[in-house]
Amino acid sequence: MTKNINLTINGQHLTVPEDTTIVDAARQIGIEIPTLCHLKDTNEIGVCRVCVVEVKGARNLIPSCITKVTEGMEVMTNSPKAREAREMVMNLILATHPKDCLTCDRNGDCELRTLADKMGIKKVDFGAPVKDLPLDDSNPSIIRDQSKCILCRRCVSVCNEVQKVSAISMINRGIGTTVGTAFDRGLADSPCVFCGQCVNVCPTGALTERYNLREVWDALNDPEKHVVIQTAPAIRVSLGEELGEEPGTIVTKKMVSALRKVGFDKVFDTDFTADLTIMEEGHEFLQRLTENGKLPLLTSCSPGWVNYIETFYPEFLDNVSSCKSPQQMFGAVIKTYYAEKFNIDPATIYTVSAMPCTAKKYEANRPEMNSSGYQDVDAVLTTRELGLLIKEAGIDWKNLEDSQFDEPFGEGTGAGVIFGSSGGVMEAALRTLSEVVTGKELDNLDFKAVRGLEGIKEAELTLGEHKLKVAVANGLGNAQKIMEGLKTKELDYHFVEIMACPGGCIGGGGQPRLSSPETRQKRMEAIYKADLGLPRRKSHENPAVQELYKEFLKKPLGEKSHHLLHTSYTPQDI
Amino acid sequence: MQIYRGHVLICAGTGCVASGSKKVQAEMANQLEAFNLENDIKIVETGCHGFCEMGPIVIVYPEGIFYCQVKMEDVKEIVEEHLLKGRPVKRLLFRDQMTEEMVPHYRDIDFYKKQNRIVLGNCGFINPENIKEYIARDGYEALAKALTQMTPEQVIDEVKASGLRGRGGGGFPTGLKWQFARDAKGDKKYVICNADEGDPGAFMDRSVLEGDPHALIEGMAIAAYAIGSDEGYIYVRAEYPLAIKRLQIAIAQAHELGLLGKDIFGSGFNFKLNIKEGAGAFVCGEETALIASIEGRRGEPRVRPPFPANKGLWGKPSNVNNVETFANVPRIIAKGSQWYAGMGTEKSKGTKVFALTGKVKNTGLAEVTMGLTLREIIFEIGGGIIDDKKFKAVQIGGPSGGCIPEQLLDLPIDYDSLISAGAMMGSGGLVVMDEDTCMVELARFFLNFTQMESCGKCTPCREGTKIMLDILERITKGEGKEGDIELLESLAKTIKSTSLCGLGQTAPNPVLATLRYFRDEYEAHIKEKRCPAGVCTALASYSILEDKCIGCTACARVCPVNAISGEVKKPHKIDPAKCIKCGACAQACKFNAIVKK
Amino acid sequence: MAIKTAEDLKKIKEVALDEATARINDGTQIMVGMGTCGIAAGARDVMTAIMEEVGKRNLKIAITWTGCIGMCEKEVLVDVLRPGEKRITYGNVTPQIVPRIITEHVINGNIVEEYVVGKLD
């Protein structure tokens, strides 16, 4: 039973449940106390001190973001002492922060700048020199500009506590404190898996994805280039947020119109290759199951997860499905089947993918992803970059009409859509596997046991004569739990879906910033709504997939599939 | 059993070892053998006496004759004259700085006379590597009493009644702290000793660790019994190798006698003690940072609450006290809280060990009853200021403390009086400064220290102390601006009230205290570009006194920038525009004709 | 041996105290004149006898020695000082009379008058 606590804030009496923080209590009576480092559930360490308030009887000012209310507490958020201190602290943060806001990647959505504005900072005192630290642009996914870092530690908390990758941590002391990797090398030489969760929580321009917008514009403006874009399942429920819509708004059709206006020659749906992945991976699973292959089968759609297992559990690489991710399959199909079918020189095709992910940039750059003779995917844009692209193109998002994806890869099934949420790949696979194995149509397509934002989900089911135990994990911290369990043999499964990011792709590192549990929940609900709204909800029923097999691939796991749609993995150094 | 008629105590503390006590000891063994006295006289290797500047120290019992600065060559004389013939060697006796008289007996030396050695009582008197010597001094009787005659609650009540407060700096009532840890729910609890002594110049904890390690072990065992813990950690700086070695020996000996381990004194109480070596970061003296460091994480404090009493080491209820605090405990339990509470002031009971350093004649460790005045410590125990210069101020509490000026010298020392004077007890550092000290430079020195030792976690301490330091550096370079003092004050105020831990909350103290008592010195630097103490090089100016200069040209020849000109045998001149204030001319002048202002 | 009771601790303390009597004692002092004259008169043997006797009887007293204090003709000189009492100087002491001085005076407080050569406050 929760107790109620009585307190006053700025003289106003209120009653809140115990364990409420001062910030949350104040919010209930319409008082906003500035916070900066604080990130609910992830970074509750009270280090930036911009949220300090005066509490009667306390010797010092109190960090309101992490201090719980107590009975009879008298809080003054705007006493001269509290206001002056907050202003001074904010000034201290800004003192050494670069002032090139106009050209900063975060111009427009910088939390620091917004806060400085809200706090009425008009002048930065002290005359201290701004930070000038080397830029880490060692990798295709994430750029770290330590000069812009305000040491809030959100990224460190996410990397260490949520993802358990621990690629970055605090190094040095005092004024020399920075966020760094071991031996302070670039992320490329660290265990970083490029999941981008750090980028998603960074309040300033210190962590951004490597922008590929310029290359995409160049390709669009090149008359020789046939520019094709594929859009991932999870961005249709989140792109709206970048363009001013509520979380969970489904914007698929508006997005297609916008991209066509931007100038893409074809706008395709990654759902199509999600369905294709199910055909390949489903059959791979059946093969392993019936031919005594290595089990459990671990999914391979999430490039952050693939980087993770290559780095931390290379002894399990034989368990990872050899299927390329839907993004890479798409690229390979475009540059072979599509080029052939429409008689386009594959050398002139430029494939762009819009992904909720920063690790996809790394994946697209993998040297082995070129089985068509060309790099499968030429450029990857995050959801945030896609929003920027649409804004840069001057498109009036609000009044945009609906339109459909282009043929022949415009149709995805509901099974493809749910790839965007944790458990979706597993559910899509089960929908197909059940019918392939039993030959009977399913009455109920919903495998609800594997849905939801919970970190690890397990289910037991029968597939023909086989009793199966499956698991779904999202967030690498949970992946670690599964892998440790498999290592010690305390856990035993047939099939495991793992997504690197919390909630799956809806919580991807390339998604609109500060994906909270609430926004993830709304995006997830939208994903399943989209699934229900589609005429076909099973991958094997996708007519375009069927046609692809008929005309080109012949059969799942066939020779062409093997060549174009499958890959292999290499252990990585930590 | 062999009885020796005499004991020769040779200090093997870090200070005396550094000045050669190991050689003295070896020679002593040789000479005793040479004079056939090895069965009459026993050599006892002891811990620190606290009077390190007089080391190596040798004390001969039963008379208690105190020899200081003993060299290897002196040993033969001590053996032949004193140990054989019974005639103390006068030339090696301590000579009183004031009266120039020889003081043969340990107990009569001024440095010790005003002291009240409770915590340091065994230091320098017993062999710390022999548990029996501790037992001979009533060692482990307090533990026996606690375990066999008292309930944990009674132990806590006794410590509460004694009025003992944390000796690490904060001064929190020890008994109350134990009560919190006892009341905390948990199947496993820890007792932790903070032996991460980090104040510059402080070494009281090291002396106890090296000189009387069993007092700490016994104190921790009693604390563990009181709070319901069965395991303890001693977090000691790796820079204290001798302390670590002595602790290891002491723990092993206590184990062997069953004073640590299972079922101690047949009471069912178990206690295991571990040593954890720390890398000596100043901030690790903060208890949550210390705990993080023991756990193998970056040594950084975290926001409290939750306090370690509820959520400490590995998330378990933990009680952290410092060495001196624990070392008081066996004495309190053995002699009773009334005895202890009978010493000191109303709110600060017992004694405090101070590390007396700086421009004072006698430097070393002084344990005094609370309430003694600073004047007594500095002028009676410390013997006054070197070269009889004028006393200017004393810095108390290390980099977190503040300075106390002459007008407050009669302040009785206790936790609260020091706070109200703008200083703090801290761990007990006392740095005495004479008239030649620049107070702005002093503030800069201490702020530089805390700034370097800041963990970098919270904004005010990380960024704010750096900006304050930059301002102070500017002022000492003669580049101070109007408004700098006010800016320092407002930064100090914010840093104190918003920093996450004690390090940041106290970091501005040296600046605030010097501003409080020596504001005129700041103003002289800023407005007149003058350093009243003549310390700040950038503000110094050299000139030649015409009436003293004979024109020998010595100064002109050493000047590296040719700033001095003049004809031979005629007074010279310094060109202030060229002078880089290196002082070489003043050193070269044999006629005191060059003055620094 | 492991300590299991307060009594066990006490036993160890007893032995430890004996070993430390030069430093930790009841305040009683026996002082032997060990100047050249004293040594010539046999002070070393007297000293040995005193130490044996004190050891045998487990006394917690300090044995010290001093240089020539005059009265060389009366060597060996031995002083006994009990806390709060007069310092008694015995002259012409031999190892043979040491046990009497110890038992009668040091332990029981009865001065062995026949050998006394001086009393000092």
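Could you sort the peptides B:565-574, B:272-281, B:10-19 by per-residue average Cβ neighbour count (10 Å cutoff), highest mean leading?
Numbers: B:565-574: 14.3, B:272-281: 17.2, B:10-19: 23.3.
The densest-packed peptide leads the list: B:10-19, B:272-281, B:565-574.
At full extension, C:GLU104 and C:MET71 could sit 9.4 nm farther apart than now, given 0.36 nm per residue minus the alpha carbon distance. Here the spin labels are modelled as points 7 Å beyond Cα on the Cα-Cβ line, and at B:ALA29 and A:LEU135 they lie 6.7 nm apart. The stretch B:539-576 and the stretch A:468-514 have Cα centres separated by 81 Å.
Relative to one another, the C-alpha centroids of the stretch B:1-69 and the stretch A:271-289 are positioned 84 Å apart.
Counts of other chain beta carbons within 10 angstrom of each beta carbon in peptide B:296-304 average 3.
Looking at this model, which pairs from A:LYS225/A:LYS538; B:LYS361/B:LYS392; A:LYS361/A:LYS538; A:LYS254/A:LYS360 are more than 26 angstrom apart at the alpha-carbon?
On the way: A:LYS225/A:LYS538 34 Å; B:LYS361/B:LYS392 15 Å; A:LYS361/A:LYS538 29 Å; A:LYS254/A:LYS360 24 Å.
Listed pairs above 26 Å: A:LYS225/A:LYS538; A:LYS361/A:LYS538.
Within the stretch B:407-436, whose backbone N sits under 17 Å from a point 7 Å along Cα→Cβ of B:LYS347? Of the residues in the stretch B:407-436, B:411-426 have backbone N under 17 Å from the label point off B:LYS347. Restricting attention to the stretch C:11-121, close to 70% of DSSP beta bridges with both partner residues there are antiparallel.
Could you calculate the FRET efficiency of B:ASP230 with B:ARG297 from 1/(1 + (r/R0)^6), where r is the beta carbon distance between them and R0 is 30 Å, rounded to 0.05?
Numbers: r = 24 Å, r/R0 = 0.79.
Given R0 = 30 Å and the Cβ-Cβ separation, E is 0.80.
Please give the residues of the stretch B:514-540, grouped as numeric ranges, whose backbone N is less than 15 Å from a label point set 7 Å along the Cα-to-Cβ vector of B:GLU479. Residues B:526, B:537-539 qualify, since their backbone N sits under 15 Å from the label point. Within a straight-line Cα-Cα reach of under 16 Å, B:LYS457 can be paired with the following lysines, leaving aside sequence neighbours fewer than 8 residues apart in one chain: B:LYS466, B:LYS496.
Based on alpha-carbon positions alone, could you give the equivalent ellipsoid semi-axes of the protein assembly as shown from the gyration tensor, as √(5λ), descending, whole Å?
76, 40, 27
Counting only DSSP beta bridges whose two residues both lie in chain B, roughly 55 percent are antiparallel. Placing R0 at 35 angstrom, the Cβ-Cβ distance between A:LYS294 and A:LYS560 gives a FRET efficiency of 0.90 after rounding to 0.05. Within a straight-line Cα-Cα reach of under 22 Å, B:LYS570 can be paired with the following lysines, leaving aside sequence neighbours fewer than 8 residues apart in one chain: B:LYS548, B:LYS578, B:LYS590, B:LYS596.
You can think of it this way: the chain between A:GLU161 and A:THR488 has 115.5 nm of extra reach, that is 0.36 nm per residue less the Cα-Cα gap.
Full extension of the chain between C:LEU120 and C:ASP45 gives 24.5 nm of extra length, using 0.36 nm per residue less the Cα-Cα distance. Peptide A:40-46 shows a mean partner chain C-beta count of 2 within 10 Å per residue C-beta. Summarising the label geometry, the points placed 7 Å from Cα in the beta-carbon direction at A:LYS122 and B:GLU256 lie 7.6 nm from one another. Listed here are the pairs B:LYS22/B:LYS132; A:LYS261/A:LYS335; B:LYS114/B:LYS276; which of them are more than 30 Å apart at the Cα? Over 30 Å apart, Cα to Cα: B:LYS114/B:LYS276.
Packing around the peptides A:400-407, B:347-354, B:69-76, taken as the average count of other Cβ atoms within 10 Å per residue, puts them in this order, highest first: B:347-354, B:69-76, A:400-407.
Helix A:517-532 and the long axis of chain A differ in direction by around 30°, with both axes built from C-alpha atoms. Inter-label distance, A:GLU518 to B:ILE386: 6.5 nm, where each label sits 7 Å from its Cα along the C-beta direction. For A:ASP396 and A:GLN12, FRET efficiency with R0 = 41 Å and r from the beta-carbon atoms, rounded to 0.05? According to the calculation, E is roughly 0.40.
Return, ordered by residue number, the residues of the stretch A:172-191 whose backbone nitrogen is under 11 Å from a label point located 7 Å along Cα→Cβ of A:ASN365. What the label zone holds, given the 11 Å backbone N cut-off, is A:187-189.
DSSP beta bridges fully contained in the protein assembly as shown are about 55 percent antiparallel.
Each value in this text was obtained by applying a stated rule to the coordinates, not by laboratory testing. Please read all numbers here as calculations on a predicted model, not as lab measurements. Every residue, glycine as well, gets a Cβ built from its backbone with ideal geometry; the counts of neighbours run over all protein chains shown.
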